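**Q** The following block contains the structure, expressed as structure tokens.
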Amino acid sequence: MLTREQAQARLQALRAEIEYHNYRYYVLDDPVIPDAEFDRLMQELIALEAQWPELITPDSPSQRVGAPPAKEFREVRHAIPMLSLNNAFTDEDVIAFDRRVREGLGQPEVSVEYAAEPKFDGLAIALHYERGLLVFAATRGDGYSGEDVTANVRTVRSIPLRLPDGQAPDWLEVRGEVLMLKRDFERLNAQARASGGKVFANPRNAAAGSLRQLDPAITAQRRLTFYAYGVGRVEGAQLPPTQAGIMDWLAGLRFPVTTERRVVTGAQGLLAYYRELGARRHDLPYEIDGAVYKVNRVADQERLGFVARAPRFAIAHKYPAEEALTVVEAIEVNVGRTGALTPVARLKPVFVGGVTVSNATLHNQDEIDRKDVRVGDTVIVRRAGDVIPEVVGVVLERRPVPPPPRFSILEHYPVCPVCGSRTVREPGEAVIRCTGGLYCPAQRKQALLHFASRRAMDIEGLGEKLVDRLVDRGLVATPADLYRLDLPTLAALERMAEKSAGNLLAAIDRSRHTTLARFIYALGIPNVGEATAADLARHFGRLDALLAADVETLQQVPEVGPVVAQSIHDFLHEPHNRAVIEALRAAGVHWEEGGGAAVRTGPLAGKTLVLTGTLPHLSREQAKALIEAAGGKVSGSVSAKTDYVVVGADPGSKYDKALALNRPILDEEGLLRLLGDTPIPSPGGQDKEVTS
Ligand code: IVH
């Protein structure tokens, strides 16, 4: 057990050390010890203070959280009013400001030096230190009196509770901005969305809502940040003679100051700073809404003084607002290249982010529901940088009465607005899709490129540029139209030589003879890749059998679950897609029918096998070819539908899964017994050339 004196000494050392690490972490963003070590120091502090409660001081890091919730905030008067800034919006405004400053200083010919800083988009706050100790903190309020938010401010880790020993004036009021970093804002909103809590429209609202919390424990969870930008009441200190010097001095006292601050000369220097900062605006970790220019020399500031409620020596040069209020006039949808329906709010045109905006994305139905955007609502639109404008939220107070109904995409768009095909929302998916696939003009180019791709119909020479030209000229709308193209039409396209037109026609013609698997894959059914297409071809054997299958029948295909079965069914029952399929058959696209039926007669007909480990005699390819020749199918993973698992030496996790699911297990001999006298094909099912 420590003596009281020893405890006191240890507490002081711990507090200094912890605050130093807080500073490294939260102010400099450059921690020097691991988090676990920091936690250990905090625990030691808390344990020691629990033993010696009378030694707890208000500046102890343990006191950053722990004040009880308040009933209301106390009002505090500002000894020196917290004034606001006049705004400049144009270059001319800035040039005029600089002229007024030069004239006000009585030397219109002499260039003036300015301290240029970001205009933080947060809340102004005044921090008061008495002989180095944080004694109270107040919001700006109306500029003359604000609210006492000391308990909440203590929870902000980058705000020093105590200034470095021996450097503190008798009294120091530091002014600056409390804000929430963009990343902390995103995190807070993500948590709120997950837990159904309050989602904030922007970091400033989140910061304000968090600072003006009666319960400091809530503020503590919110991760606020602070940047100092000036001083108020100061006693017992000789301040540096310039704004830039004051900022450096505050940095020396461990206050967070931005590294974006510069000293520039004249109006041209200000405008160059404005543009440079504006270009980086979206990469900064916090939001800004402008630049602030302050005459650098404090003596000059004093000579210029104030007009009304704003200084003559400073001005805020605003960036175009990124958020604005407007009204949703309609909600419509765009159909993308993949058939996804994206809801778009049609807005009463509004100037935001430097341009007039009349559309904003609503992303998908879940987003519409979450933000509860309805036609007629007043909404906040945001356009940040070059990002697509979006609806941030609804101003519920301005919702029309009686309230308009909730908006459902499927109710308003039961069919695709582009092609009239049915729209669906697949279970578990956020997007609503047009089932028009091959037929929908919005999906046309994508569908054609997929149809022609190497692993589908393999039409060599039909690339993106050519598809663009064929579709844009109205020569091709669906894949079936490809088979109607002729030499004069193709050769008439610019940049198309007769020879390549001929080559393309030959490639199209060759593609008429294909396999059922390739044909199914080429249709571009959502959720049907090459493997599933092959499964479907093998299972049904004939196209008509596939076209006739209901959702349940489709699910009998190995590895086709309810979602995929539904998606196949929707696609094949869309009349437009049916028409394209028939047109393709009519154009002479064909394959060997009935393969599926023939396969159903082999000794492994309809069986699914999984291979794992090394077999003693057969290679993987040989085993696969044998199984397929006997009518079976080899799958890559074990499921309840697996009929046999063939296990060799050093099997993988498939073996464990087989045991877990209680699937029948075979070795090579067992497999060969099942196969009976199926002849053994060579690897890959093809004859290899003998080279020696
Ligand atoms: S100096 C007398 N510097 O802007 C000068 N203010 O309209 C007082 N602000 O609410 C302000 N960043 O919270 C100054 N670098 C900065 C600032 C800044 C943001 C805010 C401040 C105040 C408003 C002034």
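**Q** Taking the condition at negative phi, open to solvent by 40 Å² or more (accessible area, probe 1.4 Å), touching a helix residue (DSSP H, G or I) at 6+ places or on another chain (Cβ under 6 Å) and not small (G, A, S), does V418 pass?
**A** Details: at negative phi: yes; open to solvent by 40 Å² or more (accessible area, probe 1.4 Å): yes; touching a helix residue (DSSP H, G or I) at 6+ places or on another chain (Cβ under 6 Å): yes; not small (G, A, S): yes.
It is true that V418 is at negative phi, open to solvent by 40 Å² or more (accessible area, probe 1.4 Å), touching a helix residue (DSSP H, G or I) at 6+ places or on another chain (Cβ under 6 Å) and not small (G, A, S).
**Q** In addition: Out of the residues in the stretch 300-326 that are open to solvent by 50 Å² or more (accessible area, probe 1.4 Å) and modelled with pLDDT of 95 or more, state the one that is farthest from the ligand (Cβ to nearest atom).
**A** The extreme case among them is R303.
**Q** Check every one of the helices (runs of 4 or more DSSP H) wholly within the stretch 575-667 and list those with 2 or more residues that are of a type in the set (V, I, T) and buried (at least 17 other Cβ atoms within 10 Å of the Cβ). Walk me through it before giving the result.
**A** Numbers: elements: 575-586, 595-599, 620-629, 653-660.
Fully inside the stretch 575-667 and qualifying: 575-586.
**Q** Within the stretch 269-281, which residues are touching an Asp or Glu at 6+ places or on another chain (Cβ under 9 Å) and away from the ligand (no atom under 15 Å from the Cβ)?
**A** G269, L271, R280
**Q** Next up: Considering each of R74, R140, R64, R154 in turn, give the residue that is more than 16 Å from the ligand (Cβ to nearest atom), under 22 Å from Y227 (Cα atoms) and open to solvent by 10 Å² or more (accessible area, probe 1.4 Å).
**A** Numbers: R74 fails: under 22 Å from Y227 (Cα atoms); R140 fails: more than 16 Å from the ligand (Cβ to nearest atom); R64 fails: open to solvent by 10 Å² or more (accessible area, probe 1.4 Å).
Result of the check over R74, R140, R64, R154: R154.
**Q** Using the structure shown, decide if A115 is within 16 Å of the ligand (Cβ to nearest atom), in contact with a His (Cβ under 9 Å, 6 or more places away or on another chain) and open to solvent by less than 70 Å² (accessible area, probe 1.4 Å).
**A** Numbers: within 16 Å of the ligand (Cβ to nearest atom): yes; in contact with a His (Cβ under 9 Å, 6 or more places away or on another chain): no; open to solvent by less than 70 Å² (accessible area, probe 1.4 Å): yes.
No, not satisfied.
**Q** Pick from the stretch 268-299 the residues that are of a type in the set (G, A, S) and open to solvent by 10 Å² or more (accessible area, probe 1.4 Å): which of them is farthest from the chain's Cα centre (by Cα)? Steps first, answer last, please.
**A** To start, the set of residues in the stretch 268-299 that are of a type in the set (G, A, S) comprises 269, 272, 278-279, 290-291, 299.
In the following step, the residues that additionally are open to solvent by 10 Å² or more (accessible area, probe 1.4 Å) were identified as 269, 272, 278-279, 299.
On the way: G269: 36, A272: 32, G278: 23, A279: 21, A299: 48 Å.
Checking each candidate, the answer is A299.
**Q** Restricting attention to the stretch 243-260, and to residues there that are more than 26 Å from R154 (Cβ to Cβ) and within 15 Å of the ligand (Cβ to nearest atom), which single residue is surrounded by the most Cβ atoms within 10 Å (Cβ to Cβ)? Steps first, please.
**A** We begin by selecting, within the stretch 243-260, every residue more than 26 Å from R154 (Cβ to Cβ); these are 243-245, 260.
Filter once more, so that each one left must be within 15 Å of the ligand (Cβ to nearest atom): 243-244, 260.
Numbers: Q243: 28, A244: 20, E260: 18.
Step by step, filter the stretch 243-260, then rank; the result is Q243.
A quick yes/no check of all residues on (1) in contact with a Phe, Trp or Tyr (Cβ under 8 Å, 6 or more places away or on another chain); (2) touching a residue at least 60 places away in the same chain (Cβ under 8 Å); (3) among the aromatic types (F, W, Y); (4) within 16 Å of the ligand (Cβ to nearest atom):
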| residue | (1), (2), (3), (4) |
| --- | --- |
| I56 | no, no, no, no |
| D59 | no, yes, no, no |
| R102 | no, no, no, no |
| S111 | no, yes, no, no |
| K119 | no, yes, no, yes |
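The rows are residues; the columns are (1) closer than 25 Å to A207 by Cβ; (2) within 16 Å of the ligand (Cβ to nearest atom); (3) open to solvent by less than 60 Å² (accessible area, probe 1.4 Å); (4) not polar (S, T, N, Q).
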| position | (1), (2), (3), (4) |
| --- | --- |
| Y26 | yes, no, no, yes |
| P34 | no, no, no, yes |
| E49 | no, no, yes, yes |
| M82 | yes, yes, yes, yes |
| G122 | yes, yes, yes, yes |
| I125 | yes, yes, yes, yes |
| F136 | yes, no, yes, yes |
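**Q** Quick check on P240: is it more than 16 Å from the ligand (Cβ to nearest atom) and not in a helix (DSSP H, G or I)?
**A** On the way: more than 16 Å from the ligand (Cβ to nearest atom): yes; not in a helix (DSSP H, G or I): yes.
Taking the combined requirement at face value, the residue satisfies it.
**Q** If V263 satisfies every condition in (1) assigned to a helix (DSSP H, G or I); (2) within 16 Å of the ligand (Cβ to nearest atom); (3) open to solvent by 60 Å² or more (accessible area, probe 1.4 Å) but one, which is the exception?
**A** Going through (1) assigned to a helix (DSSP H, G or I); (2) within 16 Å of the ligand (Cβ to nearest atom); (3) open to solvent by 60 Å² or more (accessible area, probe 1.4 Å) one by one, V263 breaks only (1).
**Q** Sticking with this structure for a sec: I'd like the residue in the stretch 191-214 that is open to solvent by less than 20 Å² (accessible area, probe 1.4 Å) and in a helix (DSSP H, G or I) and, out of all such residues, is modelled with the lowest pLDDT. Spell out the reasoning first.
**A** Residues of the stretch 191-214 open to solvent by less than 20 Å² (accessible area, probe 1.4 Å): 192, 202-203, 206-207, 210-211.
Retained after the next criterion (residues that are in a helix (DSSP H, G or I)): 192, 203, 206-207, 210-211.
On the way: A192: 88, P203: 92, A206: 92, A207: 94, S210: 92, L211: 92.
Only one residue fits best here, namely A192.
**Q** Would you be able to tell me the number of residues in the stretch 339-354 that are surrounded by 15 or more Cβ atoms within 10 Å (Cβ to Cβ) and assigned to a loop (DSSP other than H, G, I, E, B)?
**A** 2
**Q** Next question, about the same structure. Residue by residue through the stretch 355-385, note down the ones that are part of a strand (DSSP E or B) and over 15 Å from R399 (Cα atoms). Break it down stepwise before answering.
**A** First pass over the stretch 355-385, keeping only residues part of a strand (DSSP E or B): 355-361, 378-382.
Answer for the stretch 355-385, where residues must be part of a strand (DSSP E or B) and over 15 Å from R399 (Cα atoms): V355, T356, V357, S358, N359, A360, T361, V381, R382.
**Q** Identify, from the list A447, A456, the residue that is within 25 Å of Q566 (Cα to Cα) and in contact with a Cys (Cβ under 8 Å, 6 or more places away or on another chain). Full working, then the answer.
**A** Working: A456 fails: in contact with a Cys (Cβ under 8 Å, 6 or more places away or on another chain).
Sole residue among the options that is within 25 Å of Q566 (Cα to Cα) and in contact with a Cys (Cβ under 8 Å, 6 or more places away or on another chain): A447.
**Q** Among the residues of the stretch 172-190, count how many are assigned to a strand (DSSP E or B) and either open to solvent by 30 Å² or more (accessible area, probe 1.4 Å) or within 16 Å of the ligand (Cβ to nearest atom) (or both). Walk me through it before giving the result.
**A** Step one: list which residues in the stretch 172-190 are assigned to a strand (DSSP E or B), which gives 172-179.
Now drop any that are not either open to solvent by 30 Å² or more (accessible area, probe 1.4 Å) or within 16 Å of the ligand (Cβ to nearest atom) (or both), which leaves 173-179.
Summing the residues that are assigned to a strand (DSSP E or B) and either open to solvent by 30 Å² or more (accessible area, probe 1.4 Å) or within 16 Å of the ligand (Cβ to nearest atom) (or both) in the stretch 172-190 gives 7.
The values are calculated or read from the model by the stated rules, or taken from the named source; none is laboratory data. Here the structure is a predicted model, which is why all the values come from computation and not from measurement. Cβ coordinates were reconstructed from backbone atoms using ideal geometry, including for glycine residues, and neighbour counts include every protein chain displayed. We work out accessible area using only protein heavy atoms, side chains counted, and drop any ligands, DNA or RNA first. Shrake-Rupley method; radii C 1.70, N 1.55, O 1.52, S 1.80 Å.
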